[in-house]
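One structure is given below, encoded as structure tokens.
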Amino acid sequence: MTEQDIARRVRQLQQELLHHGYLYYVLDAPEISDYEYDRLYRELLDWETQYPELVVPESPTQHVGGYAAQAFAKVAHTTPMLSLSNAFGMDEVRAFIKRAQDDLGQAVPAFVTELKIDGLAVNLVYEDGYLVRCVTRGDGRVGEDITANVKTIREIPWRLTDVPAHWEVRGEVYMPREAFAELNRERDEAGEPPFANCRNAAAGSLRQTDPKVTARRRLGFFAYALGTPADAGIRSQEELLQRLAADGFPVNPHHRLCRAVEDIDEQVRHWETARHDLAYDTDGMVIKINDFSLQEELGHTSKDPRWAIAYKYPPEQAVTRVERIVVTVGRTGVLTPSADLDPVWLAGTLVRRATLHNADYIAAKDVRVGDTVVVHKAGEIIPEIVKVCTERRSGAETVFVMPTVCPVCQSPAVRSEEAAYRCSNPHCPGVMRECLVHFASRNAMNIDGLGPSVVDHLLAAELVSDPADYYDLTPEMLQSLPLFGAKRAQNLVTAIQASRTRGLGRVLFALGIRFVGAKAAQLVAEAYPTMPALLQASEEELKAIEGIGEKTAGALYAYLHLPETGVLLQRLEAAGVDLTQSVMRPTGGVFAGERVVLTGKLEQYTRNEAKARIESEGGTVLSAISKNVTLVIAGAEAGSKLAKAQKLGIAIWSEQELQAALNGDENAADNSGVL
């Protein structure tokens with residue numbers, strides 16, 4: 001290449017990486033994989049190292065990769081949140097160790113290896129032991145304040161003891177694979193675009209303007225570093241991880257102390273395959289010099305520390321061909337296209353089908369029948385098409401068009417404002433089939449042995465048409481089917497009868513109500529632990545349940561008041577299905593029977609602490625005002641909830657009255673008439 005060609009290539013790489021960095025960090029909508037980005041970054045770094053005159057201040061190599069999003073307040077980090085340089089092979093790890101030892105003038109006695117969690121790095125700030133702020137990495141020097149959202153992650157402690165007055169803990173917020181799969185299923189049903197991977201789902205969840213949405217996303221957290229100097233007698237990374245765990249932080253258990261490069265190599269090779277069995281995504285291994293004094297001596301560049309490096313695993317991808325695109329009907333009537341593929345091995349399994357989500361997704365990817373495509377597993381679970389190899393097209397490929405009728409019942413397929421097409425027939429056999437499968441699934445009624453193939457045989461024999469029919473099945477009826485001998489028939493009937501005791505929460509989820517996931521169903525059942533009580537609740541009262549959003553409340557209320565739902569519930573009850581919920585809440589206590597709303601700023605308690613204390617004394621804490629609320633605790637700067645409570649004549653307490661009641665003061669409610 002001529003110098004002119006090199007300069008042109010460098011400018012192209014700088015612009016391309018800035019573009020992809022913006023998509024990744026700000027929009028949470030990457031177009032390329034992390035691995036592809038890292039390769040482009042390495043190429044740019046190599047060129048700029050050889051030709052330093054081509055380096056410009058805005059080059060991605062001159063700053064940490066992120067950006068502070070515009071929607072949240074900007075906060076400067078006390079000390080920069082540096083990124084890590086990458087290694088793509090053990091030769092580069094050995095080179096990193098040699099550089100460190102040369103700079104130190106001595107051998108490094110020990111390293112710590114940690115799984116590189118694929119999530120969003122955050123900095124937790126504690127003042128006098130209380131969590132007061134959480135900030136994202138941002139550009140490494142300035143991040144975004146996401147405190148309200150991070151406080152919804154139950155694993156993160158709000159209060160610490162025996163720590164310095166100012167204490168900063170850094171770690172990774174991530175989304176477990178199971179939660180990622182459930183979230184994308186919900187987005188598919190709602191006609192919303194799916195998240196590309198667990199990392200982007202976690203980042204998108206933390207950037208919600210409503211913390212209640214974040215709370216429903218089931219995020220996790222692992223702590224691994226300090227943002228303040230280790231002035232509490234901590235001398236090494238190994239000691240720090242032990243200290244963080246002792247302080248109540250979740251620490252990833254798969255860290256190891258390594259004395260030699262052979263130990264590091266063993267860990268890298270082990271986790272390259274073992275990582276697929278984890279409940280969360282990890283895309284590499286972080287290797288750190290253990291001793292903090294050696295870390296301090298080595299220091300860091302403007303972008304990354306000289307005492308740590310990230311070994312990056314190549315993504316597991318495979319090239320295959322789209323044989324055809326098929327459309328199936330889900331339990332909410334959504335028509336979902338999928339690509340049938342030439343079978344290909346990927347991440348330890350034989351992949352035959354990849355989700356295509358909806359018509360807009362197919363159009364954006366330009367996926368055609370006959371295309372050669374690259375597939376990977378989104379969140380290591382769901383096979384998904386990464387890109388189409390358009391350069392391999394022969395001209396024989398065909399453009400896919402979504403059907404205008406349901407592929408099962410031939411009723412019109414209707415597209416609303418959402419991206420999803422839905423079958424217009426509420427009694428579509430395809431919808432009923434999926435509802436029957438879902439009802440028996442593990443997280444619903446958990447009927448062992450009642451999978452999709454059994455449901456298909458039951459439908460073909462006209463033995464079931466709705467979930468209540470399951471409870472009328474006998475061993476003799478099942479033995480008429482080719483799948484069943486006497487023992488298997490008896491086992492299935494036993495499993496069906498055992499499912500009657502699952503409780504109201506599991507039943508609500510099993511019914512397949514739109515927007516009502518397993519967690520939402522449990523919250524509803526705890527708030528209204530009997531079916532009569534739930535049927536009497538208004539839509540407004542359902543919205544008042546902590547953790548239940550407007551769409552969920554609306555869908556649940558509408559479903560419960562359909563005539564056919566009433567018939568189904570009566571049949572389930574007649575079959576002995578338990579439609580009540582055991583709520584682990586004290587029956588006695590100073591707040592027994594009270595339905596309480598907290599509003600405004602509390603000084604003596606965090607919101608979660610006040611909620612826990614009230615519930616421990618028999619009360620129920622709701623999030624919105626309705627006529628069924630019996631008490632409001634109003635802190636400083638209470639707003640519209642307080643005004644609405646006054647208008648409805650609901651008893652109102654100050655935080656001081658709450659504290660007095662919790663401390664056993666019998667005169668706490670003299671002016672309220674509540675207790």
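Let's see how each residue does on (1) assigned by TED's automatic domain parsing to the domain that holds T147; (2) in contact with a strand residue (DSSP E or B) (Cβ under 7 Å, 6 or more places away or on another chain); (3) of a type in the set (S, T, Y); (4) not in a helix (DSSP H, G or I):
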position: G554; (1), (2), (3), (4): no, no, no, no
position: V567; (1), (2), (3), (4): no, no, no, no
position: S582; (1), (2), (3), (4): no, no, yes, yes
position: V590; (1), (2), (3), (4): no, no, no, yes
position: Y605; (1), (2), (3), (4): no, no, yes, yes
position: E609; (1), (2), (3), (4): no, no, no, no
position: I614; (1), (2), (3), (4): no, yes, no, no
position: S626; (1), (2), (3), (4): no, no, yes, yes
position: V629; (1), (2), (3), (4): no, yes, no, yes
**Report entry** Residues being in a loop (DSSP other than H, G, I, E, B), surrounded by fewer than 16 Cβ atoms within 10 Å (Cβ to Cβ) and in contact with a helix residue (DSSP H, G or I) (Cβ under 8 Å, 6 or more places away or on another chain) - total across the stretch 450-471
**Finding:** 3
Query raised in the report: Of the residues that make up the stretch 423-441, is at least one assigned by TED's automatic domain parsing to the domain that holds Q497, under 26 Å from the mean Cα position of the chain (by Cα) and either of a type in the set (D, E, K, R) or part of a loop (DSSP other than H, G, I, E, B) (or both)?
Result: yes
Query raised in the report: If you go through the stretch 232-262, how many residues are closer than 15 Å to I287 by Cβ and either in contact (Cβ under 8 Å) with a residue 12 or more places away in the chain or in a strand (DSSP E or B) (or both)?
Result: 12
Query raised in the report: Being surrounded by fewer than 17 Cβ atoms within 10 Å (Cβ to Cβ), of a type outside the set (K, R), in contact with an Asp or Glu (Cβ under 8 Å, 6 or more places away or on another chain) and closer than 27 Å to L45 by Cα, is that true of even one residue in the stretch 106-122?
Result: no
Query raised in the report: Is it the case that the stretch 640-649 has a residue that's at positive phi, at pLDDT 85 or above and exposed (fewer than 14 other Cβ atoms within 10 Å of the Cβ)?
Result: yes
Report task. Please find, among V632, V577, the residue that is under 16 Å from W653 (Cα atoms), over 31 Å from the mean Cα position of the chain (by Cα) and either crowded, with 19+ Cβ neighbours inside 10 Å or charged (D, E, K, R) (or both). Result -> V632
Query raised in the report: Where in the stretch 79-159 are the strands (runs of 3 or more DSSP E), entirely inside, with at least 2 residues that are in contact with a Lys or Arg (Cβ under 6 Å, 6 or more places away or on another chain)?
Result: 111-117, 120-127, 142-144
Query raised in the report: Right, L481: at pLDDT 90 or above, in a loop (DSSP other than H, G, I, E, B) and farther than 21 Å from R571 by Cα or not?
Result: yes
Query raised in the report: Taking the stretch 580-611 on its own, how many of its residues are exposed (fewer than 13 other Cβ atoms within 10 Å of the Cβ) and hydrophobic (A, V, I, L, M, F, W, C)?
Result: 1
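The values are calculated or read from the model by the stated rules, or taken from the named source; none is laboratory data. Keep in mind that what you see is a predicted model, and the values were worked out from it rather than measured. Cβ sites come from the backbone with ideal geometry, for glycine too, and all protein chains shown count toward neighbours.
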